[in-house]
Amino acid sequence: MALRFHWSMSSAGARLKGASARAALSGVPDLNAHTEFCRLAEDCGIDSLLTAVGFHRPDPIALAAALGMVTSKIKFMVACRSGVSSPTAFVQQVNTVSALTGGRICLNFVAGHTPDELKFYGDFLAHDERYARSDEFLSVCRAFWDRAGEVNFEGKHYKIAGGKINIPFVSNERAAPEIYIGGNSDSAEDLAIKHGDCLWRLPDTPDRVRTKIKPLLDCGKQAGLLVSILARPTRKEAVQAARDMIDSLGSQPLEVHRQFAKKSDSVAFTSTYRLAEESNSDWLTRYLWTGAVPYLGAPAIALVGSPEDIAAAIMEYKEAGITQFLFMGWPDTDEMKNFSSHILPLVRSQETRLEKAS
């Protein structure tokens with residue numbers, strides 16, 4: 001299976017957005033910057049772009065619909081939470097975007113990472129109960145996408161009676177959107193096995209990742225990594241760039257993320273903060289760097305090195321069972337260009353070599 005590569009659009013138009021407190025960020029989208037970002041991704045061979053969810057961001061479905069009107073190839077990975085809307089209304093929204101874009105929408109289901117923020121949306125459930133609600137939510141969604149007649153469902157969180165939607169999911173490739181589940185917890189893994197196509201995890205060493213994703217792979221599902229990337233012509237230049245970036249941030253982001261870590265109940269986020277804090281070195285492997293995590297957040301755990309280094313790391317994770325990657329960079333546009341021009345050709349060449357050898 002050829003590896004697939006996606007990119008987060010969370011910092012389109014910004015370089016070090018993760019250093020700021022979420023409350024200080026504006027949710028007003030810069031449509032020109034986002035459009036340029038999408039068109040660059042199309043040129044760079046990126047599969048889809050994540051439109052993230054949160055009170056400090058624009059609505060991800062509305063943003064995907066708007067950007068779908070000014071692009072032709074790129075898909076949009078819409079982040080979504082159960083508990084925000086009814087599953088019927090949600091399917092109607094997703095199917096509408098699919099009709100407008102020719103099916104260029106997939107979904108990234110997350111349970112939320114901060115109870116305080118979830119309360120803004122009227123969501124007061126604990127971590128595992130949010131995943132249980134998402135199970136019901138996706139059961140209803142799947143029933144609508146199956147188009148086997150009226151949808152009737154009764155659970156703890158949702159009750160649907162004689163449900164109908166007169167707009168199907170529109171795509172030449174699929175009858176329903178591809179579903180990614182986000183999280184490092186057992187609850188996330190269970191949800192991915194039941195309803196997902198792929199589970200997004202934050203990374204660890206390849207050996208530990210291999211062990212953690214084995215039950216998922218045994219059930220026929222895919223596993224992917226959400227990881228940042230910092231590439232330079234040589235490893236020495238990449239390491240220096242990483243250090244220079246941290247030096248430029250000052251101490252304020254440390255307090256921002258200390259406070260965030262205290263408030264978060266996300267297993268993926270808190271375990272990655274802990275990994276960065278408790279490790280004897282910023283380097284978990286020759287390529288996997290945790291040095292930016294205390295300053296830019298858990299998704300800032302990064303692959304750092306030359307194109308050859310990062311291609312080797314990607315192939316090592318592939319050998320461990322990872323089949324998809326969701327990248328972030330500093331800035332994203334430069335790292336995406338580097339990836340497309342210098343790293344992706346190395347990866348594809350190595351994949352071809354392995355295929356011939358087998």
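Below is a table of values for the structure above.
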read-out: The chain: relative contact order in percent, alpha carbon pairs under 8 Å with at least 6 residues between; value: 19 percent
read-out: Length-normalised contact order of segment 45-92 in % [C-alpha pairs under 8 Å, at least 6 apart]; value: 45 percent
read-out: Extension gain, Ala99 back to Glu154 (0.36 nm per residue minus Cα-Cα distance, nm); value: 16.9 nm
read-out: Rounded to the nearest 20 debye, dipole of the chain from Cβ charges on Lys, Arg, Asp, Glu; value: 260 debye
read-out: Structure-based [θ]222 nm, the chain - -39500 (n - 2.57) summed over DSSP H runs of at least 4, per residue, nearest 500; value: -14000 deg cm²/dmol
read-out: Glu255 paired with Lys337, simple spin-label distance in nm, labels 7 Å along Cα-to-beta-carbon; value: 3.7 nm
read-out: Contour minus Cα-Cα distance for Arg174 and Phe120 (0.36 nm per residue); value: 16.0 nm
read-out: Spin-label pair Ser26/Thr234, simplified geometry with 7 Å Cα→Cβ offset, distance in nm; value: 4.2 nm
read-out: For segment 11-100, size of Cβ-based charge dipole, Lys and Arg +1, Asp and Glu -1, in debye; value: 240 debye
read-out: Gap separating the Cα centres of segment 292-312 and segment 250-275, nearest whole Å; value: 17 Å
read-out: Order of Met315, Met69, Met77 under a 10 Å beta carbon neighbour criterion, fewest first; value: Met69, Met315, Met77
read-out: Of (1) 79, 69, 52; (2) 62, 49, 43; (3) 66, 53, 36, the label for Cα extents along the principal axes in Å derived from the coordinates; value: (2)
read-out: Residues Phe339, Phe260, sorted so that the one with the fewest Cβ neighbours within 10 Å comes first; value: Phe260, Phe339
read-out: Cβ-based charge dipole, segment 173-241, positive-most Cα from Val209, Ile181, Ala223; value: Val209
read-out: Computed FRET value (nearest 0.05) for Glu129 with Ala357, which takes r as the C-beta separation and R₀ as 45 Å; value: 0.40
read-out: Of all DSSP beta bridges in the chain, antiparallel share, percent nearest 5; value: 15 percent
read-out: Protection proxy ranking, peptides 31-44, 284-297, average beta carbon neighbours within 10 Å, highest first; value: 284-297, 31-44
read-out: Fewest-first sequence of Phe55, Phe169 by Cβ atoms within 10 Å of each Cβ; value: Phe55, Phe169
read-out: Most fluctuating residue given options Arg57, Arg174, Arg104, as computed from a GNM of the chain linking Cα atoms under 10 Å; value: Arg174
read-out: Residue (of Ser26, Gln93, Phe327) at the positive-pole extreme of the chain, dipole from beta-carbon charges; value: Gln93
read-out: Theoretical gain in end-to-end length, Ser349 to Arg243 [0.36 nm per residue, Cα-Cα removed]; value: 35.1 nm
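Here, each number is a calculation from the coordinates, and none is a lab measurement. The model shown is predicted, which means the values in this text are computed figures rather than measured ones. Glycine gets a Cβ as well: all are built from the backbone with ideal geometry, and neighbour counts include every protein chain shown.
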